[in-house]
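Here the structure is laid out as structure tokens; the discussion comes afterwards.
The values are calculated or read from the model by the stated rules, or taken from the named source; none is laboratory data. These figures come from a predicted structure and were not determined experimentally. FYI the Cβ positions are ideal-geometry reconstructions off the backbone, even for glycines, and counts take in every protein chain you see. For accessibility, only protein heavy atoms count, side chains too; no ligands or nucleic acids. Shrake-Rupley method; radii C 1.70, N 1.55, O 1.52, S 1.80 Å.
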Amino acid sequence: MDALKQKAIRWMLGMGAFGFGWWGVWSHHHLVNADSPPSARSHTQRQHTKTPSRSKSTKRSKTTKSTRKKTARRFSKRRTLRKRRASRFFRVPWRRKPRPPRRPVWKDNVQQMVATAHPLATQAALEMLKQGGNAMDAAVAAGFVLSVVEPYSSGIGGGGFLLYYDAHKKHLKALDFRERAPLKSDPQMYARHDEKTAEKLSKEGHLAAAVPGMVAGLAEAASAYALLPWTKLLEPAHKHAKDGFPVYRRLAGALRYAKPKLRNFRATRSIFLKKGKPFEKGEILKQDHLAWTISQIQRFGPYAFYQGRVAHYILREMQKGGGLISADDLKAYKPLWVQPVIGRYRGYTVYSMGSPSSGGTHLIQMLNILSGFPLHKMKLRDPQRMHLVVEAMRLAFADRARYQGDARFVKVPTHGLTSPQYAALLRKRISAQRATPDGSVQAGDPYPFNHKHTTHVSIIDRWGNAASMTLTINTTFGSGVVVAGTGILLNNQMDDFTTLPGKPNAYKLIQSVNNTIAPGKSPLSSMTPTLIFDEKSHLRGAIGSPGGPTIITTVLQLILHLIDQGIHVEEAMKFPRLHHQWQPAHLFVESKLRTRHILQALKKLGHTLKRKPWWGNAMALWVTKSRQLTGAADPRGDGSAEGF
């Protein structure tokens with residue numbers, strides 16, 4: 001619709017607010033249906049209801065008491081109807097924009113910086129900052145753009161976690177908008193099938209999808225902290241979906257890799273495959289249906305997705321494909337503000353995400369174990385240093401496999417797992433001369449110490465606010481199911497539950513009975529959005545990464561490189577990575593680590609090496625000791641870190 005038409009509709013809505021009820025009904029109906037998805041416009045027009053005609057003028061009669069009561073009741077009903085209609089529109093609460101700080105918070109010219117997994121998301125976030133927005137405005141805008149330009153790793157059919165630091169109020173909060181199991185799900189929903197069928201059902205198709213949380217989560221975050229209007233935050237995402245964007249290297253590779261999954265679903269292949277072939281790098285990808293969905297969310301916020309027209313299409317898709325998500329699931333979804341887990345390492349304070357993510361808990365557990373070794377005195381490429389880090393990983397992942405789950409449903413000994421005393425007990429198991437033999441690494445007992453394809457965005461603004469947010473739909477292109485008429489690609493987070501006890505999931509992780517499926521429960525996650533502060537409580541870093549279980553070890557190694565070795569954030573990002581998750585009993589080594597004496601030394605210490613090309617796509621912002629704001633996007637991906 002052009003600007004003139006929009007103004008006319010707003011005027012008519014205003015007329016409805018002054019008592020001209022039929023104008024209000026017509027204008028609201030037209031506003032809702034004007035941007036129906038291309039394939040549904042004719043259907044929407046057929047549903048157009050006849051507007052009531054005005055009553056003929058009659059002679060003025062004497063006003064009686066009963067007539068006045070009837071008139072009052074009629075106008076009361078109209079007011080109620082108008083309030084209901086108005087409540088469907090979503091607006092971020094108005095806040096006075098704070099003035100720029102009198103003295104620059106950061107030294108040098110760079111006062112605000114963004115690192116995201118895609119240049120278009122970085123540009124959108126920077127644009128929000130330039131328009132006077134804060135780190136939360138930038139994070140919301142970047143999150144929605146990533147759902148358009150990185151459909152293989154995140155999207156509005158998924159969920160995530162967010163850590164936000166408010167520099168003015170000096171407090172830090174964590175938001176859980178992780179996907180949740182449908183109310184009709186049960187622990188045996190996959191176990192009833194044979195192993196091969198169960199494995200496929202939990203990873204692909206309608207039964208693999210959990211209730212999405214991204215739209216509700218980012219709306220809640222914007223309501224709490226954003227400065228700019230909601231519609232403006234979503235405008236870059238709407239533009240890229242409607243006008244299209246050039247396919248980048250990683251998306252082209254993901255399309256080739258996931259082609260067998262994508263071609264199984266009609267709506268999916270109509271978007272991501274062109275005449276049966278995946279889009280190549282540089283070609284323009286348009287998503288008209290997704291653009292319509294985003295426009296609905298722009299107008300009506302979470303209502304559109306969870307109860308409005310978009311919800312109607314989701315429920316129809318579930319019914320058609322045999323999925324479990326119901327109207328009650330969508331209506332009941334609410335994001336949760338939770339307390340982050342807190343740890344300390346060499347004078348720094350580390351805040352990260354707690355349950356239902358295992359990432360923050362075991363990041364702090366590994367830092368606690370390693371704090372007892374003089375890593376800061378060892379060289380970056382010292383095999384002895386690498387050996388100690390790997391052994392800490394093995395111990396932490398053994399505990400993850402035994403204890404972790406959604407703490408709202410099961411007892412998780414988070415305080416014990418993050419206890420320095422428990423870490424000291426585990427540290428005694430590590431030998432500096434020899435790797436612990438395979439099969440002998442078992443979970444510890446933290447209870448005595450227990451007191452009461454994914455993407456990432458890191459942002460720091462000129463006031464010192466910081467956001468660290470990780471988003472996901474789980475594996476590449478999630479369940480592979482696009483909700484017809486909306487462009488929404490659904491997650492496959494049900495595979496993150498313990499679907500078959502004793503059997504590994506898509507990431508080869510063994511998980512405990514604490515992570516079995518239950519209605520409304522969130523599956524265990526490894527996402528580790530992290531904020532770091534120094535001993536003076538000054539913000540020092542915002543770090544995170546995608547990559548399944550490798551998220552935890554990637555964030556760990558970045559922190560160790562930055563704190564212990566003191567190297568520049570770009571050098572820390574480029575350095576080859578190691579990963580061990582207890583089972584399978586292999587030490588994964590990036591192919592970039594080609595130094596022969598390091599590999600031979602690790603083998604001599606008893607590690608079984610397995611080479612992999614690369615993993616992760618980390619984003620890190622780091623404030624140096626001289627208060628300079630620096631940042632880096634992982635060279636393994638297409639992302640960018642920019643500031644101004």
- Task: Based solely on C-alpha atoms, express the radius of gyration and the Dmax of the stretch 462-509 in angstrom.
- Result: 15.8, 49
- Each residue of the stretch 229-235 in order: what ³J(HN,Hα) in whole Hz does its phi give by Karplus 6.51 cos²θ - 1.76 cosθ + 1.60, θ = phi - 60°, with x for Gly and Pro? x, 4, 4, 5, 5, 8, 4
- Query: With +1 on each Lys and Arg Cβ and -1 on each Asp and Glu Cβ, how big is the dipole of the chain about its Cα centre, in debye rounded to the nearest 20?
  - Reply: 3320
- Message: How would the stretch 162-250 be classified by its alpha-carbon gyration tensor: rounded, prolate or oblate, with rounded meaning a/c under 1.5 and the a/b versus b/c comparison settling the rest?
- Response: oblate
- Item | Positive-end extreme of charge dipole, the chain - chosen from MET214, VAL389, SER358 (charges on Cβ) | MET214
- Computed label-point distance, nm, for sites ALA443 and ASP243 using a 7 Å Cα→Cβ extension: 5.2
- Query: Between ALA327 and ARG256, what length comes free when the chain is fully extended (0.36 nm per residue of separation minus the Cα-Cα distance, one decimal in nm)?
  - Reply: 22.1 nm
- Could you give the length gained on full extension between ILE598 and HIS538, defined as 0.36 nm per residue of separation minus the Cα-Cα distance, in nm? 17.9 nm
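Once you sort the root eigenvalues of the Cα gyration tensor of the stretch 101-178 as a ≥ b ≥ c, which label holds: rounded (a/c under 1.5), prolate (a/b larger than b/c) or oblate (the other case)?
oblate
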- Packing-wise, with mean Cβ within 10 Å as the measure, how do 570-581, 480-491 rank, highest first? 480-491, 570-581
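What does the charge dipole of the stretch 370-497 about its Cα centre add up to, to the nearest 20 debye, if the Cβ of each Lys and Arg holds +1 and the Cβ of each Asp and Glu holds -1? Spell out each step's value before the answer.
Working: 15 positive and 9 negative charges, 128 e Å.
Once rounded to the nearest 20, the dipole reads 620 debye.
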- Using the heavy atoms of the protein chains alone and a 1.4 angstrom probe, what is the accessible area of the chain per residue in square angstrom? 44
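By the gyration tensor of its Cα atoms, with a ≥ b ≥ c the square roots of the eigenvalues, what is the shape of the stretch 401-468: rounded for a/c under 1.5, prolate for a/b over b/c, or oblate?
Here the stretch 401-468 falls in the prolate category.
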- Give a residue-ordered list of calculated ³J(HN,Hα) values for the stretch 632-644 (Karplus: 6.51 cos²θ - 1.76 cosθ + 1.60, θ = phi - 60°; whole Hz; x for Gly, Pro). 7, 9, 4, x, 6, x, 9, x, 8, 10, 9, x, 7
- Message: A 28 angstrom limit on the alpha carbon distance is what I want to check against. Which of LYS170/LYS574; LYS196/LYS320; LYS239/LYS277; LYS184/LYS411; LYS274/LYS334; LYS203/LYS604 exceed it?
- Response: LYS170/LYS574; LYS274/LYS334; LYS203/LYS604
- Query: Going by average Cβ neighbours within 10 Å, how do the peptides 532-540, 207-215, 518-526 rank, with the highest at the top?
  - Reply: 207-215, 518-526, 532-540
- Item | Calculated FRET efficiency for the pair ARG73/ARG266, C-beta based, R₀ 56 Å, to 0.05 | 0.65
- Item | Of all accessible heavy-atom area on the chain, the percent that carbon and sulfur account for (1.4 Å) | 52
- Please work out the Cα center distance from the stretch 367-411 to the stretch 173-205, rounded to the nearest Å. 29
- Task: Please give the peptides 411-417, 498-504, 508-514 ranked by average Cβ packing (other Cβ atoms within 10 Å per residue), highest first, as a rough proxy for protection.
- Result: 411-417, 508-514, 498-504
- Note the per residue figure in Å³ for the convex hull of the C-alpha positions in the chain. 181
- Query: Length gain on complete extension for the stretch ASP288 to ARG95, per 0.36 nm per residue less the alpha carbon to alpha carbon distance?
  - Reply: 66.2 nm
- Shape parameters for the stretch 362-434, alpha-carbon atoms, Rg then Dmax in Å: 13.4, 44
